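Shown next, in structure tokens, is the structure this report addresses.
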Amino acid sequence: MREKDSLVITAGVVIVLGIITYILMVSITTGSLSSPGEGFPEHDAGAVPDGLLYAEDFDHGLSGWTLIGNPQPVIREDLGNPPPCFDNRGDDLWDNFAISTETFDDSGGLILVCDMYVNDSHLDGCWVDGLFRLARNESGGGAVMQVSYRVIGEACWGNPPEERGYAYRDFGIMNESGKFRFNTTRANEDLGKWHRYTVVIRPDRIVEFYVDSELAYRTEEKIAPSDSGLYLVIGNRSHRDFGPALIDSIRVYAYSEQTVEFLTGHQKGPDP
């Protein structure tokens, strides 16, 4: 075989292998973004506990939400748990949010469930944060409860060096004195996968935070009472180069011990 023909064949093999590798990479990435997370089931319409007040799977767009940000949040038809899902599209300049037009009363207790995905960019990235909260104000402010999962990589030049290279998970409530209290832990291991967050506001105003049915944090202080309905807020940042940060499969339930056990597999824990 002539040397020229040999070079042509070799180049062709390299190109074909490159295409196959690319297809595999895309398939793996898309699968992790669009398939159910490990350790918890998809929401099953045939297995709904009593007391379901609200469900949002984003099958009908964002018609029930007020959008804040530029560019505005969007629905991703290609990603989700299962697809579609919510992408806030916040970047290095803007926090982006969606605020529910429906409000919720937590005076007798409340249970919130939300699936969240945050891309693994803790080494080099920034501006990849997912959150959901209950807020008093129609604008999304006045949070009384918040769950956030955020990346601080090397691109986060405004953060001190010792904070970079990690993902942080925050559970927070406004206490009865009007002060917001956060519990923050590092959680690199949960990046790049879907996880289910369940927040239980008990009738005694103690709040429990679960991740994939495991109790992650229980407050010692009580959440502040609210005189009016609370808005559900989702969003924050999903930088085009380092993201995405995605939200899906939101549920809100009236409080009951049976529903807590159904959703988490846990009975009521000991009082603090």
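Structural remarks
- Within the stretch 65-104, tally of residues that are over 18 Å from N119 (Cβ atoms) and among the polar types (S, T, N, Q): 6
- Matching entry among V147, V211 (being closer than 21 Å to W94 by Cβ and among the β-branched types (V, I, T)): V147
- Filter result for A98 (at pLDDT 95 or above and of a type in the set (A, V, I, L, M)): yes
- Considering the stretch 150-177, and only residues there that are farther than 24 Å from K222 by Cβ and within 15 Å of the chain's Cα centre (by Cα), the residue that is surrounded by the most Cβ atoms within 10 Å (Cβ to Cβ) turns out to be V151.
- Evaluation of S238 against (1) under 15 Å from the mean Cα position of the chain (by Cα); (2) modelled with pLDDT of 95 or more (one fails), failing number: (2)
- Only one of F97, F171 that is touching a Pro at 6+ places or on another chain (Cβ under 8 Å) and either without any contact (Cβ under 8 Å) to a residue 12 or more places away in the chain or not in a loop (DSSP other than H, G, I, E, B) (or both): F97
- Matching entry among W127, W65 (being at positive phi, touching a strand residue (DSSP E or B) at 6+ places or on another chain (Cβ under 8 Å) and among the aromatic types (F, W, Y)): W127
- Selected residue (criterion: surrounded by the fewest Cβ atoms within 10 Å (Cβ to Cβ)) from residues of the stretch 244-258 that are under 11 Å from the mean Cα position of the chain (by Cα) and either aromatic (F, W, Y) or in a strand (DSSP E or B) (or both): I250
- Qualifying residue in the stretch 218-227 (condition: surrounded by fewer than 21 Cβ atoms within 10 Å (Cβ to Cβ) and within 16 Å of S148 (Cβ to Cβ)): no
- G109 satisfies every condition listed in (1) surrounded by fewer than 23 Cβ atoms within 10 Å (Cβ to Cβ); (2) at pLDDT below 95; (3) at positive phi; (4) of a type outside the set (D, E, K, R) except (2).
- Any hit, the stretch 124-142, residues being crowded, with 23+ Cβ neighbours inside 10 Å, basic (K, R) and under 23 Å from R240 (Cβ atoms): no
- Candidate set from the stretch 41-94 (those that are in contact with a helix residue (DSSP H, G or I) (Cβ under 7 Å, 6 or more places away or on another chain) and closer than 28 Å to E257 by Cα); member that is modelled with the lowest pLDDT: P49
- A count restricted to the stretch 194-211 and to residues that are more than 17 Å from S148 (Cβ to Cβ) and either surrounded by fewer than 21 Cβ atoms within 10 Å (Cβ to Cβ) or of a type in the set (S, T, Y) (or both) stands at 4.
The values are calculated or read from the model by the stated rules, or taken from the named source; none is laboratory data. Worth saying up front: this structure is predicted, and the values here are computed from it rather than measured. Note that each Cβ is placed from the backbone with ideal geometry, even for glycine, and that neighbours are counted across all protein chains shown.
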